[in-house]
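Trainee: Below you will find the structure I want to go over with you.
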């Protein structure tokens with residue numbers, strides 16, 4: 001059995017106003033970015049991914065499951081927002097203790 005660790009990813013957009021003034025080209029990259037992370041979500045490598053409505057400027061968040069920090073870094077490195085050069089800054093933090101429900105309850 002392989003042990004996995006959790007990592008908190010914070011993607012820092014190129015400017016605080018990015019969510020409201022992105023160009024058409026940037027919107028295209030963001031569509032690819034969303035598809036990329038959705039694919040990893042369905043494969044189980046991502047617990048949650050989305051945006052944070054910070055009053056100082058929206059930024060992206062993800063909780064990743066990976067065998068190692070290197071594996072988590074490889075996931076981030078494959079993000080089209082990173083490979084395109086549009087996003088150049090991010091934070092990746094190990095989460096040494098995680099308590100999580102196994103699935104969303106029926107509502």
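Rule-based calculations on the coordinates, nothing more; no lab input. Because the structure is predicted, anything quoted here is derived from the model rather than measured. Neighbour counts are summed over all protein chains in view; Cβ atoms, including those assigned to glycine, are modelled from backbone coordinates with ideal geometry.
Trainee: Once log10 I(q)/I(0) by the Debye sum over Cα atoms at q = 0.11, 0.13, 0.19, 0.22 Å⁻¹ is worked out from the coordinates, which option in [x] -0.36, -0.50, -1.00, -1.26; [y] -0.33, -0.47, -1.06, -1.41; [z] -0.63, -0.72, -1.03, -1.17 does it equal?
Mentor: Given [x] -0.36, -0.50, -1.00, -1.26; [y] -0.33, -0.47, -1.06, -1.41; [z] -0.63, -0.72, -1.03, -1.17, the structure-derived one carries the label [x].
Trainee: For the stretch 5-95, what's the relative contact order in percent, using C-alpha pairs closer than 8 Å and at least 6 residues apart?
Mentor: On the way: 141 pairs, mean separation 45.4, N = 91.
Computed value for the stretch 5-95: 50 percent relative contact order.
Trainee: Now for a separate question. Simple spin-label model, 7 Å along Cα-to-Cβ: residue 38 to residue 5 in nm?
Mentor: Rounded to a tenth, the inter-label distance reads 3.1 nm.
Trainee: Can you tell me the 0 to 90 degree angle between the C-alpha axis of helix 24-43 and the longest principal axis of the chain, rounded to 10?
Mentor: Between the helix axis and the principal axis of the chain, the angle is about 10 degrees.
Trainee: What is the gain in length, in nm to one decimal, between residue 52 and residue 20 on full extension, counting 0.36 nm per residue of separation less the C-alpha to C-alpha distance?
Mentor: 10.2 nm
Trainee: Let me ask something additional. Pulled fully out, how much extra length does the chain show between residue 93 and residue 12, if you take 0.36 nm times their separation in residues and subtract their Cα-Cα distance? Don't skip to the end; give the middle numbers.
Mentor: Working: separation 81, 0.36 × 81 = 29.16 nm, distance 1.39 nm.
Net length gain for the segment: 27.8 nm.
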